[in-house]
Amino acid sequence: MFTKPFLLQPRTVKETGNRKTVLDEPYTLFPDRDALLLKDFPVRVSVGDPLYKQSSGIVLSPVNGIASLEHSEEGSKIRIVQDGNFIGSKPWIPKTLKKEEILEPMDKLGLVSLDFSSHSLSSYFKSRQKTKLIVLSPFTRTQDVDYLPELKKNAECHSKFLEVLKLLFPEAQIRDYIQGLKPPIKNYAYPWGIPEYFVSQTEKLSFSKINEILYLGPETLYNLYRALFADFPFIEREIALYFLGKNGGLRKADTTVRIRNGQSLKFLFEEYGSRYTNFTFNSFYEKNPVRDIKKGFYWDIRQNYSLIFLTRYDSDRKEFPCVECGECSYNCPTQANPMALVSSFGNFNSGLCMECGICTFLCPSTISLRDKIRTWKEANHGF
């Protein structure tokens, strides 16, 4: 049914220079417009203090400091001037957990599903109370960071979590690809980390069934275990750095960077700004805005997981008519036939489309097939 997954294998670039985290800019958070403030600002806050609540859950203070609320035409923002020590992570200590010791820490420590970022982790668990299947996946969506070694190193914590999963979901089958089952592929290839694709390949379920199962990827588990076994709040995230050169060559830094929520990227821009003028984030398969390094940026750990530096960016790139090369449909991992949306080549199969973005990434005419797919789905299915 499915074709071979698409491979994008960047070369690795060694670290250069001495990277230092600068703390001379306030941490800056941008609540959703319907967010509920949980403090009377200005106020002194400590690491892990709840600041506001929105659809994706409770957002915590990433540092100790003075938090103030500012309003502008673009919306509200919370700025925190740090003081005191920079609190680091703690070792994981395995312990037996009770049912009630799972959901409460999820809210208290600000956890979200990093597989479905619009959900708080507690609401995601509650929405799956009647599930018959739990899948623990070894891959993140784009596998920019490999969390499997860390999870395997803490096998006892993983076992303790499995015990409480059985208490919470006594009727569910647990498919554990972290410790128990062998991962379906030896080396990761996109789009194996997309939940719908992983489940369809391993459990032979249609994409629509993803709403009926509890799916937990390795990054979600990693941050959940830090919360459950080290009482560490979700205030920071490991990110990968990519570098796209003038000739189109892609390189990846050999180490990750740990960035706190709302942290300025000034320290990275100072290090790489002489060679790279623009940046974007997350994945080449997603459509994210390209920004000027000079304008700065504050990191959102709920939405962003990798940083891509660009030597140049042509903002005037335009779409050209489809040349019917067939690259989009030929390389579609699920055979959804996206070419049908821009030509008379067959029919588009929306039930097989998971919006992985491979078709848009490969299109020589720079047609945003992802946008056309979403427009088609909204017009025909209302989602």
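If you filter the stretch 66-77 down to residues that are out of contact with any Ser or Thr (no Cβ under 7 Å at 6 or more places or on another chain) and of a type outside the set (D, E), you find that the one that is nearest to F41 (Cα to Cα) is S68.
If we keep just the residues of the stretch 112-140 that are under 22 Å from Q54 (Cβ atoms) and in contact with a Pro (Cβ under 8 Å, 6 or more places away or on another chain), which is least open to solvent (accessible area, probe 1.4 Å)? Filtering first and then ranking leaves D115. Within the stretch 59-102, the set of residues being touching a Leu at 6+ places or on another chain (Cβ under 6 Å) and either hydrophobic (A, V, I, L, M, F, W, C) or under 25 Å from T28 (Cα atoms) (or both) comprises V59, S61, I78, Q82. Residues in the stretch 317-363 that are without any contact (Cβ under 8 Å) to a residue 12 or more places away in the chain and crowded, with 20+ Cβ neighbours inside 10 Å: none.
For the stretch 166-271, the strands (runs of 3 or more DSSP E) that sit wholly inside it and include 2 or more residues that are open to solvent by 10 Å² or more (accessible area, probe 1.4 Å) and in contact (Cβ under 8 Å) with a residue 60 or more places away in the chain are 236-244, 250-253. Residues that are assigned by the TED database to the domain that holds P31, under 26 Å from L60 (Cβ atoms) and in contact with an Asp or Glu (Cβ under 6 Å, 6 or more places away or on another chain) do occur in the stretch 229-240.
The rows are residues; the columns are (1) closer than 30 Å to L205 by Cβ; (2) under 20 Å from the mean Cα position of the chain (by Cα); (3) not polar (S, T, N, Q).
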site	(1), (2), (3)
Y276	no, no, yes
V290	no, yes, yes
N337	yes, no, no
G351	yes, no, yes
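Any residue in the stretch 84-99 that is crowded, with 17+ Cβ neighbours inside 10 Å, part of a loop (DSSP other than H, G, I, E, B) and within 22 Å of the chain's Cα centre (by Cα)? For the stretch 84-99, residues crowded, with 17+ Cβ neighbours inside 10 Å, part of a loop (DSSP other than H, G, I, E, B) and within 22 Å of the chain's Cα centre (by Cα): absent. Among residues of the stretch 96-117 that are at negative phi, those with a beta-carbon under 7 Å from a residue that is open to solvent by 40 Å² or more (accessible area, probe 1.4 Å) and outside any helix (DSSP H, G or I) at least six positions away or on a different chain give the pairs V112/H119; S113/H119; S117/Q303. Scanning the stretch 312-359 for residues being more than 23 Å from G248 (Cβ to Cβ) and of a type in the set (V, I, T) gives a total of 2.
Residues checked against (1) within 30 Å of T220 (Cα to Cα); (2) in a loop (DSSP other than H, G, I, E, B); (3) of a type in the set (S, T, N, Q):
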residue: S283; (1), (2), (3): yes, yes, yes
residue: D300; (1), (2), (3): yes, yes, no
residue: Q335; (1), (2), (3): yes, yes, yes
residue: F345; (1), (2), (3): no, yes, no
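Each residue in the stretch 123-152 was checked for being in a loop (DSSP other than H, G, I, E, B) and either within 18 Å of the chain's Cα centre (by Cα) or outside the structural domain of I213 (by the TED database) (or both), and 11 of them qualify.
The values are calculated or read from the model by the stated rules, or taken from the named source; none is laboratory data. Not measured: the values here are computed from a predicted model. Backbone-built Cβ (ideal geometry, glycine too); neighbour counts: all protein chains shown. Ligands, DNA and RNA are excluded from the accessible area calculation, which covers all protein heavy atoms including side chains. Shrake-Rupley method; radii C 1.70, N 1.55, O 1.52, S 1.80 Å.
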